[in-house]
Each structure stands twice: as structure tokens, then as C-alpha cells.
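In what follows, a single structure is set out as C-alpha cells and then discussed.
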Amino acid sequence: MIEPLEYSGLRGLGGAGFPAGRKWRLVRQEPLPRLVAVNADEGEPGTFKDRYFLETDPHRFLEGMLIAAWVVEAAEIYIYLRDEYPQCRMILEGEITAVEAAGLARHARIHLRRGAGAYICGEESAMLESIEGKRGLPRQRPPFPAQVGLFGRPTLCNNVETLYWVRDIVEQGPEWFTLAGRNGRQGRRTFSVSGRVKDPGVKLAPAGITARQLIDEYCGGMAEGHTFKGYLPGGASGGVLPAAMADIPLDFGTLEPEGCLIGSAAVVVLSDKDNMRAVALNLLRFFEDESCGQCTPCRAGTEKAVKLMTAPHWDEALLQELTRVMSDASICGLGQAAMNPVKQVLKHFRDDLVAEPS
Amino acid sequence: MPPFLHHDRRIHPGSGRRRGPDHPKGRQVDPTALAEVQTLLGDRDRRRDLLIEHLHLLQDHFGCLHARHLAALAEEMRLALVEVYEVASFYAHFDIVMDDEAPPPRITVRVCDSLSCELVGSVQLLADLETRLGDGVRVVRAPCMGGCHHAPVVAIGHALHENASQRAKHTRPPPNLSASTPIVRPAVIACCNPAWWASAHATR
């Protein structure tokens, strides 16, 4: 089971992009008892693909999950579902009962756990804390959850979408997955497209597609009266890129040289009607609200950044210094990536800094 | 009055004259609140990892988390009150209400303020909702709810209402749209009727 998965190149589609097959292998090497924790706490602004899969085809996901538990010999599965999706909870409650009644889950007990409105609990280790009934404070790594995870046991943590693709890869062979891909990249990707396009929504597209191709071929072009100006390639944490850089393949590893991340593949398209300074401020306000408060660089840094960014003129030197401190010293990805939009706006959208947004 | 003020602190504890307090230290558990919590929890496991699930039970049933129920839950789950409080106060979907405070309105409308919704006027939508919805409804801003392709989005209770604005570009605007037309879609207002919510809650 692990081999086709490794060969398919399936990666963690929650945003981190860790090779799924390798993760399964690593967890299998650890002593029993092992656990599975499914991340359905889709909180990255602009992302709605997991919701789409849970609403339209929950069985494909449940099957992948049961296969994962069987492969790592886990007797307990925990699904951590965000509280914003009560409709998905109803669907899953019904379908889990049906799956158990059909005798398909004899090897593992399934627990459905409800989040309570905290973005940070989408971070793997914060999710584990939350499943344990605690505050969602991310843990220091190492040890990684594959070694010391939920209740101190080796734990396989996978995103809903990662597990969703397992059945197809097994049924149709790993080539089915690898042969998709464009612009020299391999695999399939689910883009959540929103913003100034004619037809936003969940778009199943080959990995490596560029933002321009995605907008033109999958979203019917830009919305009426809007000219393409820039885009967020990966939600709030993924940074911002100008339209001039819309021909970069969207995949893990391709955007990092530009200081961006594909993350959960949440593409937010922005137009000439949008002020990038206001965009960055919106994102930083979000991080300020959602910082868990555990480590000082992030707790104080996000607050300081919002203060600096609401001033009529941005203190660039101070913002750059803050960016460095936060990305170097924060415990988890939230603080490390929070300043990405600021960095990118300072680099690519200097025109928007001049005028105070209306 | 907190219990420690009952005693004269000038008497040295070692003098042998100090009377022991007649009840344990800290917030006392209200027997009524404890009974309510026990009824609600039923035969559910009291394991520590179920704390958030149990808090949801309380929040869903009472519309908020009363301090007296938190103390009772701590007692019932054999946790320190602070362990319950720190978890309850961490998550945005729990509303802690001190015993001398009024509970929040029964209906909470959450208006998404994340980027895709802000692009299509969630700020104006929030202001519009605040003026149009009276007492008995609380309007708050909230982070992304996963309806970015049908922005702007609001949640009434936790039920998602997409395309909540009449002015968003990708929704079909009403035929006679003018400057005085409300931003919020009438169906959203209709779903926030306190009388309807009260009857729905009574029949549950």
C-alpha cells in the first residue's frame, strides 16, 4: 500500500506538502499502539476544498482514512472537524454510523471531534492538543507527531484531501496521479479560487498550472470590470504575487524562491479595484485575532504589525525587522508566515503604499 | 463575599485560636448547577479529552457558559477550575458569562471578515446588519467560514448563509437596485427572527 502511494508522489494537501507515503512509512516504524488523526479544521482564509469533498463525496475520504488506519495498524481514528461546518458534521455522523454498520471499520474505532472556532487548531500539533481537550497551543518540534503525537503515541496526521485521493491512487494506479500535471510538474491539485474572477469555486486542475491558466481556463476569466492585478497563491499565509508573476507553476516548491507558498492552494484573485495595502492589513488583522498567544514574537508581533500598518505611512525598516524576528523566532507556521503579505506588498506593490486606502 | 474575609487575619495561624474555614477554598459548586451539568452529561464519559465536547453541550444548551456551570463541570470531570476556564476562554465559539452578568442574545450572527468577503463589502454588510437587527440578536465579525466562492458569507448560529449581500458581483441583483436598497439579502434578516428561534428552541 505504501509503495504506490510513495510512487504517486501524493503530498500532504493541508498545506505543508510532506510526502504522504513517507509519512505512513515513518509512523509504521514506531511502536504500537499507533493512532490516526484527521485534520478537517480547514481554516486558512480562502480555502473551501475540504468542505467541498466532505459535502459531495464523504465516502471516498472515509475509505482513504480507513485504509490509512489499516496500513499503520491504528485502532483509533480521530477526526477533528471545524465547528464552522455543522452540515459536514451531520453528514459524517450519519456516514460513520453507516460505515460501522456495514462492518467496514472493524479494525479501528472512529471518533468525530468538534473544533470550537480557532484557526490555530489547523496546525497539526495544536490540533492534537485540542483533541486532548486542551487549548490549541502548537508544540515544539521535534519530537514530531509521527513519534510522539496524540496522547503521547505515534500518530499519523493527514488532511481530508490527502486521504480523499488514496482510493483513486490504489484503484487507478499511481500513474493516474503522476501523469496529471502541467508545466513540468506532476500530480493533481484542488484549487479553491475566490475573489475577482467570473466563476469562483473548487477547481480540480493539474499541479503546476499557472495562476493565469487557472483564471482563464477554469474560472471564465476575470469578473466584469476588473483587471488582473495580483493574487494570493496559498491563502492568508502564502504571500501575495503581482499579475506580472502569474506564469509561475503553482506547486509545492515552485513559489518558495519568490517568498510565497502554495499551502492549501487557496487562490484569491485581486484586481485593479483592490488596494494591496488594505489587503495586507486585512490578513494581518486575521493573524492578530488568531495568534494563540503562546510565543511572544507572534503574539506581540502581529499586534505591533497591525498598529504599524494602520499608520498613514508604513515604517518600512521597523516592519522588515519585525518580519525577521517573527519568521525566525515563532514556534509555529502562523507566526513564521504571518508577515509574508507585508513582505510581498513592500516588494511588488509599492504604488499602493503611497495612498491611504479609502 | 469571598470566604477568606470571614476571618480576622490579625490572628496568627499558629496561635491555635484560628478557626478552620467551614468549606473548601475557591469557588464553591452550586448544587443546582451541578445537577444541571450532570443531567446534561448523562452517562457520557468524564475523560479529560472530552472537555471541549462537554463545553459544547453546555454552550448549545444554555446559549453560553455560565461560570457556575464551569465550576460544576470542573468538579464533575475532576479537573481544576482553571483547567476548564483556560480551555473555555481560548476558543471563539464559547461565551463565558460570569454569574452577575447578563447572557448574550440567543442569536449570534457571524459576519465573515476575511479577504474574499471583505473584497465584496463585508464591512458594509456588518454595519447594515447591526442597524437592521435589533435586540435579541448579536452581530459579530468572524474569520473565514469556507464560503469564499459565494462571498460575502454570514453564519446565523453556525448555519452558513452564502451570498448574503444583494450587491455582490456574482449574485443576481434585485431588479430595482438603488442606493437605498439594503445591502443584506432579506432572507438573512428573516432567518434572524427571535420569535422563530425561541419557538425552535422550545420544541427541541
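Every read-out reported here was derived from the displayed coordinates using simple, explicitly stated rules and does not represent laboratory data. None of the values given here were measured: they were computed from a predicted structure. Cβ sites come from the backbone with ideal geometry, for glycine too, and all protein chains shown count toward neighbours.
The figures follow:
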| item | result |
| --- | --- |
| Environment charge at A:Asp41 (Cβ cut-off 14 Å; Lys +1, Arg +1, Asp -1, Glu -1) | -4 |
| For A:Leu261, A:Leu112, order by how many other beta-carbon atoms lie within 10 Å, fewest first | A:Leu112, A:Leu261 |
| Residue-count net charge about B:Leu129 - beta-carbon cut-off 11 Å; Lys, Arg +1, Asp, Glu -1 | +3 |
| Against the rule of thumb 2.2 N^0.38 Å, how large the Cα Rg of the protein assembly as shown comes out | 1.03 |
| Spatial separation of Cα centroids for region A:49-71 and region A:251-273, in angstrom | 26 |
| Gained length - A:Glu93 relative to A:Glu258, 0.36 nm times residue gap less alpha-carbon distance | 55.2 nm |
| Under 20 Å from the Cα of A:Lys198 - lysines, other chains or at least 8 residues apart | A:Lys49, A:Lys229, A:Lys273, B:Lys169 |
| In nm, spacing of pseudo-spin labels at B:Asp100 and B:Arg47 (7 Å Cα→C-beta vector) | 4.0 |
| Trypsin sites (Lys or Arg not before Pro) lying in DSSP loop within region B:45-144, provided at most 10 other Cβ fall within 10 Å | B:Arg78 |
| Under-5 Å amide H pairs with A:Arg34, H placed in peptide plane, nonlocal only | A:Ala75 |
| Region A:63-150: trypsin sites (Lys or Arg not before Pro) falling in loop per DSSP and having at most 15 other Cβ within 10 Å | A:Arg106 |
| Structure-based [θ]222 nm, chain A - -39500 (n - 2.57) summed over DSSP H runs of at least 4, per residue, nearest 500 | -11500 deg cm²/dmol |
| Furthest towards positive pole of dipole, A:Gly133, A:Thr254, A:Ala265, structure part the protein assembly as shown, Cβ charges | A:Gly133 |
| Partners for B:Lys25 among aspartates and glutamates (Cα-Cα distance below 18 Å; same-chain residues under 8 apart left out) | B:Asp8, B:Glu75, B:Glu76, B:Glu83 |
| Local electrostatic count at A:Val148 - Lys and Arg +1, Asp and Glu -1, tallied over other residues with Cβ under 10 Å | +2 |
| 10 Å Cβ neighbours from other chains, averaged over peptide A:278-288 | 3 |
| Pairs from A:Lys23/A:Lys203; A:Lys203/A:Lys304; A:Lys203/A:Lys307; A:Lys23/A:Lys343 whose Cα-Cα separation, in the structure shown, is over 30 Å | A:Lys203/A:Lys304; A:Lys203/A:Lys307; A:Lys23/A:Lys343 |
